[in-house]
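Below: the structure, in structure tokens.
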Amino acid sequence: MRLFAGIEIATPVKDQIALWWSEAGGILDAGLWRPVSPHLWHLTLAFYGEVSGFEADSIAEELLQCTSDVAPFRLKTAVYGLFPKPSKARVFWVGVEEDSDCNSLKHLARCCRRAGHATVRKRTAREAAFQPHITVARSITHHEVVDLQRLQMMADVPEVSWRADRINLYQSILGPKGPQYRRLERFELNSSRFRTRGNYV
């Protein structure tokens with residue numbers, strides 16, 4: 001199984017971003033970019049890659065502890081950007097930031113990454129710095145060069161906020177039209193770390 005931990009995007013937020021993208025996305029060359037369907041939008045906290053059922057159990061137990069002492073918090077949309085950079089763009093994204101100064105999002109992402117360090121992927125300690133975002137389009141070819149002057153014409157992302165009260169463990173299923181995501185398990189924030197859960201083996 002190819003797994004990652006992430007936060008759902010609330011439906012009203014998806015609707016607002018989709019409305020913005022339907023107009024602003026025309027700045028990019030439609031023949032070179034493939035939009036990501038809104039039902040697949042999420043905020044990735046940690047990527048674990050291919051894992052066994054036993055390893056998935058271990059990750060889930062770690063995630064349960066990560067969420068046990070973090071209270072729900074608010075998130076909001078921010079600026080847009082490109083990964084890795086405009087001259088070699090593969091991903092167009094909408095940024096996300098915490099709607100306060102409590103750093104719960106960074107703490108949660110750090111703990112979710114450590115769940116991978118403690119179980120299946122020691123090398124995740126060398127991952128890039130956490131930059132919360134929602135992927136809204138991917139380049140059709142390997143890399144695209146984006147015209148910065150045209151990009152500056154794009155309208156600002158509307159600021160929309162929502163309450164994050166749980167994280168999910170997802171399975172990423174690769175296909176010819178891009179990945180599909182299946183939620184395997186949900187972890188409520190500020191929940192008891194002693195609750196029971198199912199196993200993957």
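At a glance:
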item	result
Any hit, region 170-185, residues being polar (S, T, N, Q) and either at positive phi or over 16 Å from the mean Cα position of the chain (by Cα) (or both)	no
Residue that is modelled with the lowest pLDDT [pool: residues in region 52-87 that are under 23 Å from Glu188 (Cα atoms) and of a type in the set (Phe, Trp, Tyr)]	Phe54
Selection count where residues are surrounded by 15 or more Cβ atoms within 10 Å (Cβ to Cβ) and polar (S, T, N, Q), scope region 125-146	2
Residues (more than 20 Å from Phe83 (Cα to Cα) and either in a loop (DSSP other than H, G, I, E, B) or free of Cβ contacts under 8 Å to residues at least 12 places away in the same chain (or both)) located in region 20-34	Ser22
Criterion (modelled with pLDDT under 95 and in contact with a Phe, Trp or Tyr (Cβ under 8 Å, 6 or more places away or on another chain)) met by exactly one of Arg90, Arg34	Arg90
Leu19 surrounded by 17 or more Cβ atoms within 10 Å (Cβ to Cβ) and either in contact with a Lys or Arg (Cβ under 9 Å, 6 or more places away or on another chain) or under 30 Å from Glu159 (Cα atoms) (or both)	no
Residue in region 147-155 that is closer than 29 Å to Ala24 by Cβ, surrounded by 14 or more Cβ atoms within 10 Å (Cβ to Cβ) and touching a residue at least 24 places away in the same chain (Cβ under 8 Å) present	yes
Test: residue in region 101-124 that is of a type in the set (A, V, I, L, M), at pLDDT 90 or above and loosely packed, with under 15 Cβ neighbours inside 10 Å	no
Residue list for region 68-88, filter: of a type in the set (A, V, I, L, M, F, W, C) and not in a loop (DSSP other than H, G, I, E, B)	Phe73, Leu75, Ala78, Val79, Leu82, Phe83
Residue count, region 89-120 (criterion: outside any helix (DSSP H, G or I) and out of contact with any Ser or Thr (no Cβ under 9 Å at 6 or more places or on another chain))	4
Pair list, Cβ under 7 Å, 6 or more apart: region 170-194 residue under 16 Å from Cys66 (Cα atoms) and modelled with pLDDT of 90 or more, other residue among the acidic types (Asp, Glu) and assigned to a loop (DSSP other than H, G, I, E, B)	Glu188/Asp165; Leu189/Asp165
Residue list for region 35-67, filter: in a loop (DSSP other than H, G, I, E, B) and free of Cβ contacts under 8 Å to residues at least 40 places away in the same chain	Ser37
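The values are calculated or read from the model by the stated rules, or taken from the named source; none is laboratory data. Just so you know, these numbers come straight off a predicted model, no measurement behind them. When we count neighbours, we look across all protein chains shown, and the Cβ atoms used for this are built from the backbone with ideal geometry, even at glycine.
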